[in-house]
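**Student:** The structure under discussion is supplied below as structure tokens; questions concerning it will follow.
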Amino acid sequence: MRYITKMSERARKLLEDAMDLPVPERAELAAELLASRDGEPDAEVEAAWSAEVEKRAREALADPDDAIAWETVRAELHADPTSR
């Protein structure tokens with residue numbers, strides 16, 4: 001394995017077991033581990049994000065013809081920044 005060498009035997013065993021999981025489960029596990037470093041979520045921040053997601057979802061559903069195709073967004077993201 002090409003992972004950090006200063007890992008305890010217990011952590012190394014957990015990693016080996018985790019690597020046997022399907023990709024979606026590994027991704028979920030990784031996200032949870034990363035989130036655990038941040039501590040408990042701030043209720044105000046979570047509420048603000050939730051409100052923003054709801055607002056954007058309502059806007060998208062209200063005018064689906066206003067959407068930009070993923071292909072267009074992707075092309076813009078990969079475009080040469082000096083050409084903008």
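All of the numbers you see were taken from the coordinates with simple rules; none came from a lab. No experiment lies behind these values; they were computed from the predicted model shown. Using ideal geometry, Cβ is built from the backbone for each residue, glycine included, and neighbour counts are taken over all protein chains shown.
**Student:** Could you please find all residues in region 7-40 being touching a helix residue (DSSP H, G or I) at 6+ places or on another chain (Cβ under 8 Å) and surrounded by 11 or more Cβ atoms within 10 Å (Cβ to Cβ)? Don't jump to the end; show me each part of the working.
**Tutor:** Initial filter on region 7-40 (touching a helix residue (DSSP H, G or I) at 6+ places or on another chain (Cβ under 8 Å)): 7, 18-19, 21, 26, 29.
Listed by number, the residues that qualify are 7, 18, 21, 26, 29.
**Student:** Taking residue 79 as meeting all but one of (1) more than 20 Å from the chain's Cα centre (by Cα); (2) loosely packed, with under 10 Cβ neighbours inside 10 Å, write down the number of the exception.
**Tutor:** Among (1) more than 20 Å from the chain's Cα centre (by Cα); (2) loosely packed, with under 10 Cβ neighbours inside 10 Å, residue 79 violates only (2).
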